[in-house]
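Asker: What follows is a single structure, and I will ask about it in a moment.
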Amino acid sequence: TRLLVHRRRVMTTLFALAAAHGSLLEAATRTSPVLRQVAQRLLWRRTALENGARFFCELDREIEVAPSGGAKGMGLFAKVDLAEGSVVGRYTGVEMGEDEFDASPSTGLYAMRTNGVVIDGEDPDRSNYCRFINHSVRRANCQATEAWEDDSPLAAVYLETLRDIAAGEELLS
């Protein structure tokens with residue numbers, strides 16, 4: 001209950017700041033990291049819906065992390081049949097500029113570049129399950145979609161299915 005009250009306060013504050021500054025993004029970037037995260041969450045979900053997203057998946061309900069086989073390690077798999085246009089989730093991690101990322105000790109295995117920003121999902125404590133999606137040029141059944149407004153310092157990327165995916169099938173981008 002306390003968390004819900006806190007979230008409501010954050011949302012109320014964010015929208016009040018947006019009204020004062022003229023834009024949600026401007027308000028978020030001029031204030032706290034918590035408001036920035038809320039603005040990013042709203043931004044990527046709005047973009048997904050505008051792009052025709054039909055369904056938002058949840059870990060352990062519609063998708064799971066499991067061994068991928070071979071040298072890939074872990075991967076994302078559909079637990080149920082997923083329709084084309086389903087949103088797998090938002091790719092999260094540490095956001096940094098390209099120069100900062102190049103100078104970091106990151107291996108780059110979990111990094112995604114977007115809008116002049118690198119989202120590095122290498123740290124499991126600061127990323128989510130989307131970091132386990134494996135890459136395949138020939139068998140891709142998902143795509144990474146960038147979600148931001150022009151001239152915005154906020155970067156967001158979400159993964160969505162490109163076609164219907166059968167239960168048990170690995171999700172690949």
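The values are calculated or read from the model by the stated rules, or taken from the named source; none is laboratory data. This one's a predicted model, so the numbers in the text were calculated from it and none came from an experiment. So basically every Cβ, Gly included, is an ideal-geometry build from the backbone, and we count neighbours across all protein chains shown. Each accessible area value is taken on the protein alone, full model and side chains, heavy atoms only, with ligands, DNA and RNA left out. Shrake-Rupley method; radii C 1.70, N 1.55, O 1.52, S 1.80 Å.
Asker: Restricting the search to the range 115-139, which residues are open to solvent by less than 40 Å² (accessible area, probe 1.4 Å), part of a loop (DSSP other than H, G, I, E, B) and under 15 Å from Glu170 (Cβ atoms)?
Answerer: Result: Ile133, Ser136.
Asker: Is it the case that the range 146-158 has a residue that's outside any loop (DSSP other than H, G, I, E, B), open to solvent by 40 Å² or more (accessible area, probe 1.4 Å) and either under 26 Å from Glu50 (Cα atoms) or touching a residue at least 24 places away in the same chain (Cβ under 8 Å) (or both)?
Answerer: Checked the range 146-158: at least one residue is outside any loop (DSSP other than H, G, I, E, B), open to solvent by 40 Å² or more (accessible area, probe 1.4 Å) and either under 26 Å from Glu50 (Cα atoms) or touching a residue at least 24 places away in the same chain (Cβ under 8 Å) (or both).
Asker: Another question, then. Filter the range 132-173 for residues that are of a type in the set (D, E, K, R) and under 21 Å from Ala83 (Cα atoms); which is modelled with the lowest pLDDT?
Answerer: Quick first cut of the range 132-173, residues of a type in the set (D, E, K, R) only: 138-139, 146, 149-151, 160, 163-164, 169-170.
Subset that is under 21 Å from Ala83 (Cα atoms): 138-139, 146, 160, 163-164, 169-170.
Values: Arg138: 91, Arg139: 91, Glu146: 79, Glu160: 88, Arg163: 93, Asp164: 94, Glu169: 96, Glu170: 95.
This residue is Glu146.
Asker: While we're looking at this one, here's another question. Inspect all residues belonging to the range 66-76 and state whether any of them is modelled with pLDDT of 85 or more, open to solvent by 30 Å² or more (accessible area, probe 1.4 Å), under 19 Å from Arg139 (Cβ atoms) and not in a loop (DSSP other than H, G, I, E, B).
Answerer: Checked against the condition, which is being modelled with pLDDT of 85 or more, open to solvent by 30 Å² or more (accessible area, probe 1.4 Å), under 19 Å from Arg139 (Cβ atoms) and not in a loop (DSSP other than H, G, I, E, B), the range 66-76 yields at least one hit.
Asker: Could you please let me know if Arg138 is basic (Lys, Arg) and closer than 23 Å to Glu50 by Cα?
Answerer: Judged against the criteria, Arg138 is not a match.
Asker: For the range 95-125, which positions are in contact (Cβ under 8 Å) with a residue 24 or more places away in the chain and under 18 Å from Leu159 (Cβ atoms)?
Answerer: Selection gives Glu95, Met112, Thr114, Asn115, Val117, Ile119, Asp120, Gly121, Glu122.
Asker: Can you say whether Met112 is over 18 Å from Asp60 (Cα atoms), buried (at least 19 other Cβ atoms within 10 Å of the Cβ) and not acidic (Asp, Glu), as far as the supplied structure shows?
Answerer: For Met112, the condition - over 18 Å from Asp60 (Cα atoms), buried (at least 19 other Cβ atoms within 10 Å of the Cβ) and not acidic (Asp, Glu) - is met.
Asker: Tell me, which residue of the range 77-108 that is closer than 21 Å to Asp123 by Cβ and small (Gly, Ala, Ser) is most open to solvent (accessible area, probe 1.4 Å)?
Answerer: Top of the filtered list is Ala103.
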